1. Could you tell me which of the residues L45, L10 is under 19 Å from G83 (Cα atoms) and not hydroxyl-bearing (S, T, Y)?
2. Return the pairs, sorted by first residue and then second, in which the second residue is modelled with pLDDT of 95 or more and exposed (fewer than 12 other Cβ atoms within 10 Å of the Cβ), the first residue lies in the stretch 1-23 and is part of a helix (DSSP H, G or I), the beta carbons are less than 8 Å apart, and the residues are 6+ apart or on different chains.
3. Just give me the residues in the stretch 12-44 being under 16 Å from A54 (Cβ atoms) and among the polar types (S, T, N, Q), in sequence order.
4. I'd like the residue in the stretch 32-42 that is under 16 Å from G83 (Cα atoms) and not β-branched (V, I, T) and, out of all such residues, is surrounded by the most Cβ atoms within 10 Å (Cβ to Cβ).
5. Could you say which residue among R67, R47 is free of Cβ contacts under 8 Å to residues at least 40 places away in the same chain, in a strand (DSSP E or B) and not small (G, A, S)?
6. Please verify whether R29 is touching a residue at least 24 places away in the same chain (Cβ under 8 Å) and within 20 Å of G83 (Cα to Cα), treating the condition exactly as stated.
7. In the stretch 54-73, which residues are acidic (D, E) and either surrounded by 12 or more Cβ atoms within 10 Å (Cβ to Cβ) or on the phi > 0 side of the Ramachandran plot (or both)?
Amino acid sequence: MSEDPASPPLSWRALETRVGLDALPDFHRAFLTWRGVEDAAGMPLRRVGQRVEAELNRLTQAGQAQRQGDDWLLGPEALAGFGAAGPYLG
C-alpha cells in the first residue's frame, strides 16, 4: 500500500461500522459483486463473510491494503469505483 499523507488509510472495520448492522449484508454483497464474485446475491451470509475477507486479502496482496490484526487498512485507490461505499466515506 503506497503511503499518501494527504489520504490516510481507511479502516475496513470502521467503514463497516458506518454502514451499520442492518445494511451490512447488502453492502458486503455489493462489494463482492463489484469485485467480480459470481452470485453474491444468492450466497449464504456466512459464505459472504468468508468471501469478503478473501477479497480484502487479495487487495492486500495487490498492495492496495494492509492487514492489521482483524482489520484491513485500505489505501485511497482500493475502493475506487465502488459506488456503494460512497455515502460512508469521509
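The values are calculated or read from the model by the stated rules, or taken from the named source; none is laboratory data. In this text, all values refer to a predicted model and were calculated from it rather than measured experimentally. Cβ sites come from the backbone with ideal geometry, for glycine too, and all protein chains shown count toward neighbours.
1. Numbers: L45 fails: under 19 Å from G83 (Cα atoms).
Answer to the check: L10.
2. R13/D70
3. T33
4. If we take residues in the stretch 32-42 being under 16 Å from G83 (Cα atoms) and not β-branched (V, I, T), then L32 is surrounded by the most Cβ atoms within 10 Å (Cβ to Cβ).
5. Details: R47 fails: in a strand (DSSP E or B).
Only one candidate passes the filter, namely R67.
6. Details: touching a residue at least 24 places away in the same chain (Cβ under 8 Å): no; within 20 Å of G83 (Cα to Cα): yes.
No, not satisfied.
7. Here is the first cut: in the stretch 54-73, the residues acidic (D, E) are 55, 70-71.
Within the stretch 54-73, E55, D71 meet the criteria.
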